[in-house]
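Quick notes on the structure that follows.
The values are calculated or read from the model by the stated rules, or taken from the named source; none is laboratory data. In this text, all values refer to a predicted model and were calculated from it rather than measured experimentally. Glycine gets a Cβ as well: all are built from the backbone with ideal geometry, and neighbour counts include every protein chain shown. Surface accessibility is based on the protein's heavy atoms, side chains included, excluding ligands, DNA and RNA. Shrake-Rupley method; radii C 1.70, N 1.55, O 1.52, S 1.80 Å.
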Amino acid sequence: MTNQTQTSFPSVDQNSDYIEAALFYTSDLKKRCLSFHGKEGMVIYLESLTDTDLIERNVIVPFSRNQDKDLPELFTTLSFSLETELNQGIQGLLEGSCLYFLEGTSEFYVLFTPAKYERSISEPENEGVIRGPHNGFIEQMKVNLYLIRKQIASPNLIVRYFTLGKFAPKQVGMVYMENIAKPELIKIVESRIKKISLDWVITTGFIQELTEDNSFSIFPQLINTERPDHTSSYLLDGYVALLLDGDPTALILPASFFSFYQTPDDYNNRWMIASFVRFIRLIGFVTAFQLPALYIATVSFHSNVLPLQLFFSIQGLLTRVPFPPLIEAMLLELIFELLREAGLRLPNRVGQTIGIVGGLVIGDAIVKAGLVSYSMIIVVALTAIASFLIPSNEMSSAIRFMRFPLMIAASLFGYIGISFGLTLIFIHLCKLESFGQPYLRPLSPLNFQGLKDTFVRFPIWSIRKSTSNPKTNK
Amino acid sequence: MRWRVKLGTFALSVLIILFPLSLTGCWDREYLKDLHLAYSVGFDLSENGMIKETVELIIPPDIEQKATTSEIHTSYGHNLRSASNEMRNRVRGNIRFLKNGFQLFGKSVAEHGLYSNLDVNFRDPTNPTSNVRVIIAEGNASDILEQKMVGELKIGEFITQKIVSLEEMSVFPKETLDTVFRFLKDPGQDFALPYIAIESNEIITKGLALFNDQYYSGMLNPDQSILLVLLKGQKGKNARFTKKIVLGYPDNIQEYITINVGLKKVKRKFKVSVSADESVEVNLELKLQAIVEEFPGERSLKEKDLQKINQALSEILTKEAESVVEEVQKANCDIFGVGRKLIAYHHNVWKEKNWSKDYRKVQFHPKVEVKIVDTGILE
C-alpha cells in the first residue's frame, strides 16, 4: 500500500475516483449513491469483506426514512469514525468498513460493517483430551484472546499488538502476565518480533523460524498449541504466547525439551497415573529414536548379546534377506514414511484403505518376497508406534528424523557409534537455548524443584507452592 | 546465535558426512546371518599327540519357523587354533564360538595339562569366557559330542542344561573359563570341574574331577561332590543327602532319610592356623540347617527323635567330610585355598613350604553339624 497521504476532496466523484484508482478498479468494490438533504452522497464498500445485510439495514434504510435528522444520528446502531485521510479510508475498506462521502464536506464516515464468517469454536483435532475444556483456537485472533481471557480473568494479562508484513499486513498479539513473566524475556521477544521484516506473513511458522535461537537445530524451540487451557497454564507459569490473526496456532516460548512431553491430560489424571503415563512416553522417546539403531548394531556387530534362542530365531529370520541391516531398515523406514505422508493427505475413508494396503499387504508381501525380515518389521513398527506417543507433532518429527543418523552410526561402529551419536545429540541439547533459557532445563542446569514436574508428576500441592516463584525465574 | 556458514566449512562437513557412507564392508562387522555358530566344542589327545577337535555346528533353518539343525565335525591339529583352522577347511567356512556354552576336555587332555589348551580363549578377546563351562569327560570328548542328539535336544543344549541344573543342586561348583583362569594362575588354590561320562549311550554325571595345578589328579563321586561344594562355602538352590540312620532305640530301627540343606543359610568356619613347628592346621566347620524331605519311617518325628537324628546325621556327614578331605589331599588339590590363606596371613611360612609336597601334610579337622529345622507339613 502507498505511504503517501491524501486528504479527502470536497467532491464525491473525485474521492471515488481516487479510491477506485488506489484499489486498481477491483470488481468487488461497490458504489451506491445516497443523497442527503439534497446534497449528493455516496457509499463505497468491498462487497467481499462487508456484511451487505448490515449495510442495507443500518445505512441505506435510515437514509430513506430519516431525512430530517443530522447525519451522525443516522448511524447510531453502528460504530463509526470521521476521517479526513483517504488512505485511512482505504485501510478501513480492507478491514471490512464502508465509507460514506457527502458532497462539499472535507470529512467522510468510516462505518464498521465487517462480514463475519467464523469457524465455530471446536476441539482441535490433533490435541484432543479426555477430560478438560474442549474448546480450541480459531482463525480470529479476537476470539482467541477472548478464550484466553475467559481462562485468566486478571488485569495482569496483557496483550501487545504488532503489525507484520509490508504488502499484506497482519496483526500479531504478544500475550503475557505482567507480574509473572520476566521483563528481560518480554524485551527479547519484543525486539525479535520488531526485527522481522517480511512482505507477508501467512502462518505462525514464519514467526517461529524468524524468532528462534538456532535455525540449524532440528529440535523445535517454540511450543505450538491450539488449546486455550494449555496456553493459559503456560502464561500463568511466566511464559509468553504469540498469536497471529488468521492462524489458530499459538506459539509459546521459551520452550524446554520436556515441555514437548507434557499434555494437559497429565494434570487431569491422578498424579501416580500421570507419572506412569509420562514414564511410558519417556520409554516411547527412547524407543522411537534408538530401537532401529540398537537392532542394527546388534545384528551386525554384537550378536553375542542375544540370548541363544533369540540368536537362532533372528538368524532364521535373516537368512533369506539379501541386504545388510542398514539398507533393510532404510527401505522399511522409507516405506513407512511414504505411508504416513500418503495417509496424511487423504480423506479419512481412503486413509483407512491406505492403512490396510500399507500395513497388511505390503508388510506381509515384502517379507514373503525376501526383501526385509519379520524382525525388522517388528522393530520399525514399534518405532513408529513409539513416535506417535510424543504429544507434540514437531518433536515427533524431530525424533523420527534423528534416528537416521543414529542408524548410520550404528551400522558403522556398532554400540560405540550409537553412544557417540547420542553424546553429540546431548551436547547439542545442552548447548541449545530458547529465548535465553536453557533448552534442557530443569535437567541441565539441574533443578530439583523443577524435576518434580518433569519425568514424573508429583502431586500438585508439592509442585505449586506459590505463584510468586515461576519457572522462568529460576 | 546464528551460524555463519562459509562455503569451505560447508563442503567439508558434507564430505565428512558422505565419506563414512562409502565405508561399507569394514572393520569387525559380522552380520548375524553370516555367522556359523559352534555351540559346543570338545578336545581330545589322539595317539600321535595331535589335538582332536570335535565341534557341534548349529545350522540355521532356511525357512522361518523351522527348528535349527546341528552337525558334528572333527579335525586334527598341533594345537587348538590349528585344529580350528583345519576345521574351517572342512565345514562351510568361518565358524564362530560366540555363544559357546561349554568346552569339553577328554581325560587324556586333562592329564597332560589344561592350560596350553585354554590359552587361546584368554589371548583372543573375541572368544567368550564369562559364561563358558569347562567340563571333563571320562573317555573321549568326541564320543560324547557324537551322540548329536539326546532325545529332542541337541547335545550342546543338553549338556549345558544338565550342568546348570546340577550346579543348582550343588553337585558342581560354579566354574567358568574366567574362574578357572584365576585358579590356574594362583599357586595357592586349585579347582575341581564337572566330570561326565558316557555309559550305555547315556550321558551320566561321574562327579567332580580334581585338579592339581593344571593336571587331572583324582575324582569324587556325586555324593561327595555335594559335600565338597558345601565345604567350599558355595551352594546352589538345593543340596540333598539321603542317609541311612540308625535310631538308638531298643528296637534299633534303620531308616532312610532325605534332607535338604540348600534352602537355609549355611554357616561355614574356615580357619588356617600355623603351629610352632610350622605345621599347618585347618579347622573346617559347617553348620547345616536341614529340612526333612522324605522319611518313610514308622516313627513320627518328635522333639526327642530329632535330637537323635541330628546327632546321627552329624556323625555321618562329619565322617564323609573327612573322607572328602582325604580324597582331596590324596589328589593334591588345594580346593579350599589353604595356600591362599598362607600367602595372605603367614607369608614367611608359605615361602619356606614346597606346597606341592607339603599340602598333603596339612592337618584338616572337618566337622559337620546338622540341625533339622523343619520336618515338612505332615505333622
Discussion item. With +1 on the Cβ of every Lys and Arg and -1 on the Cβ of every Asp and Glu, and nothing else charged, how large is the dipole of the range B:232-378 about its Cα centre, in debye rounded to the nearest 20?
Written reply: 600 debye
Item to complete: Over all alpha-carbon pairs in the range A:1-40, figure out the percentage whose distance exceeds 13 Å.
Response: 62 percent
Item to complete: Compute the convex hull volume of the Cα atoms of the protein assembly as shown, divide it by the residue count, and report the result per residue in Å³ as a whole number.
Response: 285 Å³
Discussion item. Let's test the formula: R0 of 41 Å, r as the Cβ-Cβ distance of A:E95 and A:E184. What FRET efficiency results, to the nearest 0.05?
Written reply: 0.75
Worksheet item: If you take the beta carbon distance between B:R90 and A:N393 as r and set R0 to 56 Å, what does 1/(1 + (r/R0)^6) give as a FRET efficiency, to the nearest 0.05?
Response: 0.45
Practice prompt. Could you sort out which of B:K271/B:K304; B:K237/B:K371; B:K99/B:K185; A:K30/A:K195 sit more than 30 Å apart by Cα distance in this structure?
Written response: B:K271/B:K304; A:K30/A:K195
Worksheet entry | Solvent-accessible area per residue, Å², over chain A with all protein chains present [probe radius 1.4 Å] | 49 Å²
Worksheet, complete the sentence: Between the alpha carbon centres of the range A:263-297 and the range A:170-202 the gap in Å comes to 33 Å
Worksheet entry | Restricting the range A:212-285 to trypsin sites (Lys or Arg not before Pro) in coil, as DSSP defines it, with at most 14 other Cβ within 10 Å | A:R270
Discussion item. Placing unit charges on C-beta atoms (Lys and Arg positive, Asp and Glu negative, everything else neutral), compute the dipole magnitude of the protein assembly as shown about its Cα centre in debye, rounded to 20.
Written reply: 2040 debye
Fill in: Mean shadow area of the range A:311-465 over all directions, Cα convex hull, nm²
13.3 nm²
Worksheet entry | Computed label-point distance, nm, for sites A:N268 and A:I130 using a 7 Å Cα→Cβ extension | 0.9 nm
Worksheet item: In the structure shown, do any of B:K107/B:K353; B:K52/B:K107; B:K243/B:K269; B:K244/B:K264; B:K264/B:K287; B:K174/B:K269 have a Cα-Cα gap over 18 Å, and if so which?
Response: B:K107/B:K353; B:K243/B:K269; B:K244/B:K264; B:K174/B:K269
Item to complete: Evaluate the Kirkwood expression for the hydrodynamic radius of the range B:232-378, namely the inverse of the mean inverse distance over all pairs of different C-alpha atoms, and round to one decimal in Å.
Response: 17.2 Å
Fill in: Signed unit charges on C-beta, dipole axis of the range B:232-378, positive-most listed residue B:F336, B:L284, B:L301
B:F336
Worksheet item: Which whole number of Å³ per residue matches the convex hull of the alpha-carbon atoms in the range B:100-214?
Response: 102 Å³
Worksheet entry | Cα long-axis angle, helix A:12-22 against chain A (0 to 90 degrees, to the nearest 10) | 20 degrees
Discussion item. Binning at 20 angstrom from zero up to the longest distance, how are the C-alpha pair distances of chain B distributed in percent?
Written reply: 24, 44, 24, 7, 1, 0
Practice prompt. Measure nothing fancy, just the Cα-based angle from helix A:415-431's long axis to the longest principal axis of chain A, in degrees from 0 to 90, nearest 10.
Written response: 30 degrees
Practice prompt. Along each of the three principal axes of the Cα atoms of the range A:226-296, give the extent in whole Å, ordering the values from largest to smallest.
Written response: 47, 31, 20
Response to the item:
note: the range B:197-249, Cα-Cα separations exceeding 19 Å make up a percent value of 48 percent
Worksheet item: At a Förster distance of 30 Å, what's the computed FRET efficiency of B:H78 paired with B:Y31, Cβ-Cβ distance as r, to 0.05?
Response: 0.40
Worksheet item: Top mean-square fluctuation among B:Q289, B:Q311, B:Q224, Gaussian network model of chain B, C-alpha springs under 10 Å?
Response: B:Q311
Worksheet item: Roughly how many percent of the accessible protein surface of the protein assembly as shown is carbon and sulfur, given a 1.4 Å probe and a whole-percent answer?
Response: 56 percent
Discussion item. Tell me the relative contact order for chain A as a rounded percent, counting alpha carbon contacts under 8 Å between residues six or more apart.
Written reply: 14 percent
Response to the item:
Loop-resident trypsin sites (Lys or Arg not before Pro) in the range B:191-299 with no more than 10 other Cβ atoms inside 10 Å, DSSP not H/G/I/E/B, are B:K265
Discussion item. Across chain A, what fraction of all alpha-carbon pairs, as a whole percent, falls in each successive 20 Å bin from zero upward?
Written reply: 19, 40, 28, 11, 2, 0
Item to complete: Let me know the charge dipole size of chain A about its Cα centre in debye, to the nearest 20, where only the beta-carbon of Lys, Arg (+1) and Asp, Glu (-1) is charged.
Response: 2160 debye
Worksheet item: Which value results for Rg/Rh of the range A:35-159 when Rg is the Cα radius of gyration and Rh the Kirkwood radius based on the inverse mean 1/r?
Response: 1.13
Response to the item:
With a 1.4 Å probe and ligands and nucleic acids left out, the total accessible area lost when B pairs with A, in Å² to the nearest 100, equals 2700 Å²
